[in-house]
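See below for the structure under consideration.
Quick note: the coordinates plus some simple rules give every number you see, no bench work behind them. Everything numeric in this text was worked out from a predicted model, so none of it was measured. Cβ sites come from the backbone with ideal geometry, for glycine too, and all protein chains shown count toward neighbours.
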């Protein structure tokens with residue numbers, strides 16, 4: 001096997017700089033997705049059919065089409081339709097945020113429905129407003145139950161962020177590809193990128209387990 005990782009050694013710091021780019025995209029997209037997910041989940045369990053239909057259609061579209069298609073439509077389609085230039089970073093954040101929101105909404109909806117109905121009935125009997133009941137009673141309990149699923153979504157988002165390389169974002173994958181082209185050592189540089197993603201997932205998994213353990217301990 002003709003492997004020589006020493007050829008890419010001088011470029012390792014350059015590839016590692018992509019970690020910050022990746023985490024920045026994933027972090028902002030996760031926040032957007034979480035906010036959208038909560039709003040969609042509330043629409044799905046609400047009484048207004050129009051909002052419920054909107055949430056269901058939104059989820060169906062973003063879960064039923066490839067993420068890379070959504071990314072390309074935002075990056076290339078927005079300037080064409082609205083004459084607004086969208087940077088690669090903005091397109092990545094919006095695409096991942098909108099897509100993640102669809103999946104998170106289903107996770108949160110399931111978590112809300114899993115909360116004991118007796119607590120909802122008791123809250124209504126006490127005259128607690130719906131908004132306050134959801135924010136102070138229902139959602140905190142739901143989040144404890146769905147934390148593993150949310151962390152899994154965050155990990156998936158981290159791995160899928162590699163597709164931003166198609167629009168030129170210099171993340172981990174893009175930088176490793178550039179290094180491979182400069183050194184003619186694609187296998188070594190891509191394997192190194194794979195190791196980085198794997199270690200990131202391991203760290204996120206450990207963080208998720210630590211948070212879950214702490215939340216369960218506080219019960």
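What whole number of Å gives the distance from the Cα centroid of region 63-103 to the Cα centroid of region 31-49?
20 Å
Which length gain, in nm to one decimal place, applies between residue 205 and residue 143 when the Cα-Cα distance is subtracted from 0.36 nm times their residue separation?
Values: separation 62, 0.36 × 62 = 22.32 nm, distance 1.70 nm.
Value of the extension gain: 20.6 nm.
Could you list 178, 202 so that the one with the fewest beta carbons within 10 Å of its beta carbon is first and the one with the most is last? Could the numbers behind the result be given before it?
Values: 178 17, 202 11.
Listed from fewest to most nearby Cβ atoms, that is 202, 178.
Compute the length gained on full extension between residue 198 and residue 186: take 0.36 nm times their separation in residues and subtract their Cα-Cα distance, giving the result in nm to one decimal. It would help to have the intermediate numbers written out before the result.
Numbers: separation 12, 0.36 × 12 = 4.32 nm, distance 1.81 nm.
Working it through step by step, the gained length comes to 2.5 nm.
Summing -39500 (n - 2.57) over the DSSP H runs of n ≥ 4 in the chain and dividing by its residue number, what mean residue ellipticity at 222 nm do you reach, to the nearest 500 deg cm²/dmol?
Working: 11 runs with 165 residues, N = 219.
It comes out at -24500 deg cm²/dmol, rounded to the nearest 500.
Would you mind checking the tilt of helix 49-64 against the longest principal axis of the Cα atoms of the chain, expressed as 0 to 90 degrees and rounded to 10?
20 degrees
How do the peptides 9-21, 85-97 rank, highest first, by the average count of neighbouring beta carbon atoms within 10 Å per residue? Intermediate results must be reported in sequence, preceding the final value.
Working: 9-21: 15.0, 85-97: 19.4.
Result, highest mean Cβ count within 10 Å first: 85-97, 9-21.
Can you tell me the 0 to 90 degree angle between the C-alpha axis of helix 139-160 and the longest principal axis of the chain, rounded to 10?
20 degrees
Just checking my list (i) 9, 34, 33, 18, 5, 0; (ii) 8, 26, 29, 21, 11, 4, 1, 0; (iii) 8, 34, 37, 15, 5, 1, 0 against P(r) over Cα pairs in 10 Å bins from 0, in percent computed from this structure; which label fits?
(ii)
Please state the relative contact order of the chain as a whole percent: Cα pairs under 8 Å, 6+ residues apart?
Numbers: 233 pairs, mean separation 64.9, N = 219.
Relative contact order of the chain: 30 percent.
Contour minus end-to-end for residue 217 and residue 49, with contour as 0.36 nm per residue of separation and end-to-end as the Cα-Cα distance? Kindly include the intermediate steps, with their values, before the conclusion.
Values: separation 168, 0.36 × 168 = 60.48 nm, distance 3.90 nm.
Between residue 217 and residue 49, full extension yields 56.6 nm more.
Report the rotationally averaged projected area of region 128-192 based on its alpha-carbon convex hull, in square nanometres.
Values: hull surface 26.2 nm².
The Cα convex hull of region 128-192, projected and averaged over all directions, gives 6.5 nm².
Using a 10 Å cut-off around each Cβ, can you sort 105, 161, 123 from fewest to most neighbouring Cβ atoms? Walk me through the numbers before you get to the answer.
Details: 105 27, 161 24, 123 18.
Ordered by Cβ neighbours within 10 Å, fewest first: 123, 161, 105.
For helix 88-113, what angle does its Cα long axis make with the longest principal axis of the chain, in degrees from 0 to 90 and rounded to 10?
Around 40 degrees separate the two axes.
Using Cβ counts within 10 Å as a stand-in for footprinting exposure, how do 175, 217 rank, fewest first?
In order of increasing Cβ crowding within 10 Å: 217, 175.
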